[in-house]
Amino acid sequence: MSSSCSGAFSLTSLPVRWKHGAVPVIGLTGAIGGGKSQVAALLGKRGAVVIDADRVGHEVLEHPEVRRQVIERFGALVVAHGPDATASLGAIDRRALGSVVFASRPALDDLEAIVHPPMRQQFEAIIDHESVHGRAPAVVLDAAILLEAGWDNLCDLVVFVDASQPVRLHRVARDRGWTAEVLQAREAAQWPRERKLSRADIAIHNDSSLEILDQNVDRLFRLATDRKSLDSRTSGTSASSRLSGSASSFQGGDASAW
């Protein structure tokens, strides 16, 4: 759906109506190291409720039934045994589990079959609560595998946060201690960047400064929450054609790693 992200911000279309009433749900994904989490934080500062899929996944691993299934499938090697063996017995060692599943696609598929259904239930509960009782202007579902897991069907807009490969490698080496080989292996466990980009409604290219990124996030936020934009959608006017002239693309600043 998205056009090539040659500028800092590009837009294809907007839905006629939000799926969950007056509260838009923004699905946020992107290339590894593209700055997706930074965009989520900036949207959170503007009042959006941010669902961190990684955090939900970690919480789900603590559910007794999920933990039982994971240990049954992957064995004692993924169980953490700290100094206090009684307190830690049965807890999942996420690092050990990750080393297993990212080395084997079938193992990753098995893990996702266990954890994705309860994760989706939590996403739906939060979205439903905000659509009925919440005061937030938007809900953001921040998920690296938003598209692969099919969670994009919960969302009104899919936003892809991108950056060039050298910039992304610099960020993950600095922040996570990853090598180029680790980045390549993690990317191999997800859809190719081009496939994800083709499924996005909005693309933000994040090779530039934090200031430019903040400006683009502000444009995205106003696009999703502006009342006039909402009124034009519900009346049948093409908001995308009205807004694409100002939001189609632009490039700002020299490339830098925030």
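Coordinate-derived values only; no laboratory data. The structure presented is a predicted model; accordingly, all values stated were derived computationally and were not measured. When we count neighbours, we look across all protein chains shown, and the Cβ atoms used for this are built from the backbone with ideal geometry, even at glycine.
Residue separation times 0.36 nm, minus the C-alpha to C-alpha distance between ARG105 and ARG195: what's the value?
30.5 nm
Need one number: nm distance between label points at GLU62 and GLN122, each 7 Å from Cα along Cα→Cβ, rounded to one decimal.
So the two model labels end up 0.9 nm from each other.
Provide, as a two-decimal number, the C-alpha radius of gyration of the stretch 55-135 over 2.2 N^0.38 Å, N being how many residues it has.
In units of the 2.2 N^0.38 Å rule of thumb, it is 1.27.
When averaged across all projection directions, what area in nm² does the alpha-carbon convex hull of the stretch 121-226 cover?
The number I arrive at for the stretch 121-226 is 7.9 nm².
If I take every Cα pair under 8 Å that is 6 or more residues apart in the stretch 55-135, average their sequence separation and divide by the length, what percent do I get for the relative contact order?
31 percent
Based on other C-beta atoms within 10 Å, arrange ARG222, ARG95 from fewest to most.
ARG95, ARG222
By average Cβ neighbour count within 10 Å, what is the ranking of 115-122, 61-68, 153-160 from highest down?
My ranking of the peptides, most packed first, is 153-160, 115-122, 61-68.
Could you list which residues have their amide H under 5 Å from that of ALA163, counting only those 5 or more apart in sequence or on another chain, with H placed in the peptide plane?
ALA31, ASN206
If a paramagnetic tag sat 7 Å from the Cα of HIS133 along the Cα-Cβ line, which residues of the stretch 47-77 would have the backbone N under 11 Å from that point?
none
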